[in-house]
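Notes follow once the structure below has been shown.
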Amino acid sequence: MTTTSAPSPAVKEPSEGPASSMPKLLSRISGQNISLIGALILVLGLFGVLNDNYLSLSNMQVIAEAATITGLLAIVQTVVIICGGLDISVGSQAGVASVVSAMVFTSTGTNAFLGMAAAIGVGLLIGALNGLIIVYGRVNPTIATLAGLAAYKGLAQLLSDGRAQGYVLNNDVFIFLGRGKIAGLPVMVWILVVVAVAVHILLRYTDIGRNIYAIGGNDTAARLAGININKYLICVYALIGIVAAIAGILLTARTGSGQPTSGSEGLELKAITAAALGGAALKGGKGGIGGTLLAVALLGALENGLTVQGINSFWQNVAQGALLVIAVVIQQRRSGERAVGLPN
């Protein structure tokens, strides 16, 4: 004989208010991002105490503008890392685009749009070339883009004869890009926000994004599932070239001329550091744009603080290298992977 229990009385769900929604909001923020927020608050507080002008609105805008170019490159670096690759040549790509945008601008009767279109076209070709070398040349992404780092830097210097090219600050379009504001925020920051939102939506809410995560997580399983890995890799590197070109155009607008190396050198290290600090696993399959942007803000705040305090700029490189090592160590510890050469 079976018995059935009487149905329990319905329990009225508590209405969701600010108190109940806060835990849900916090649950969506990863531990990595919480750590970055804490570190950012610490850096801002420390330098704010050391210098009264550090937390001023004008200096915050300086930090935001300076971090924009790094942020754009860090966003696409995050995408390629999630996909299981790496691009060490992003800084050199931005340098080529900067030179091309200024040279075409000055040689076509100061047509800003032609200069920008040419830069984006060159960026697309360079990015796709990286992808083709990696896919069909079967070259490790690190080696392929390391070669690109040297080759594209040399190309920028050859095109410009090693000097800054053109002068663009007599053009309203470049002035607007480099120094204009919308709703109180620099145009450069708005461009970063638009790119970040677009890439975040691509990664989180489309089949393309899910396939990118799948390729980075397990490329064999992704291939068996019917994903065309070669096509995705080429497209991802082409995307890097386009966004690197946008960064190069903003570099031109910000400095007033095409820069073959000044302003673009070292951007690859910053981009990789920001992506790793933001939680992008260097073995692929994990990462997000939110964490990357927090890491970019942290690096920008730290760099600006060291500059404001008059600390030797060489220490900025030391700090970036240290942060990259810390990020990788944290990733290794969290993965539980055995250390190289050491017992479990």
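Key figures for this structure:
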| read-out | value |
| --- | --- |
| Share of Cα-Cα pairs in the range 264-305 lying beyond 11 Å, as whole percent | 62 percent |
| Entry for Rg and Dmax of the Cα atoms in Å (calculated from the structure that is shown) out of [x] 19.8, 65; [y] 19.2, 59; [z] 22.7, 94 | [z] |
| Distance between the range 91-128 and the range 180-256 - C-alpha centres, whole angstrom | 19 Å |
| Principal axis box of the range 127-266, alpha-carbon based, largest edge first, Å | 55, 40, 20 |
| Residues of the range 251-297: accessible area per residue with a 1.4 Å probe, Å² | 29 Å² |
| Percent accessible area from carbon and sulfur atoms, the range 270-323, protein chains only, probe 1.4 Å | 66 percent |
| Residue among Ala102, Ala112, Ala319 with the largest mean-square fluctuation in a Gaussian network model of the chain, springs linking Cα atoms under 10 Å | Ala319 |
| Computed label-point distance, nm, for sites Ala183 and Ser35 using a 7 Å Cα→Cβ extension | 3.3 nm |
| For a label point 7 Å along the Cα-to-beta-carbon line of Thr220, residues of the range 77-97 with backbone N under 20 Å | 83-85 |
| Accessible solvent surface per residue of the range 192-244, calculated while the other protein chains remain in place, 1.4 angstrom probe, Å² | 51 Å² |
| Percent carbon-and-sulfur accessible area, the range 111-253, ignoring ligands, DNA and RNA, probe 1.4 Å | 67 percent |
| GluC sites (Glu not before Pro), loop per DSSP, at most 14 other Cβ atoms within 10 Å - longest free stretch of the chain | 17-336 |
| Cα Rg, Dmax, the range 35-85, angstrom units | 14.5, 44 |
| Stretchable slack from Asn228 to Ser58, in nm (0.36 nm times residue separation minus alpha-carbon distance) | 56.4 nm |
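The values are calculated or read from the model by the stated rules, or taken from the named source; none is laboratory data. Because the structure is predicted, anything quoted here is derived from the model rather than measured. Every residue, glycine as well, gets a Cβ built from its backbone with ideal geometry; the counts of neighbours run over all protein chains shown. Heads up: the accessible areas ignore ligands, DNA and RNA and are worked out on the full protein's heavy atoms, side chains in. Shrake-Rupley method; radii C 1.70, N 1.55, O 1.52, S 1.80 Å.
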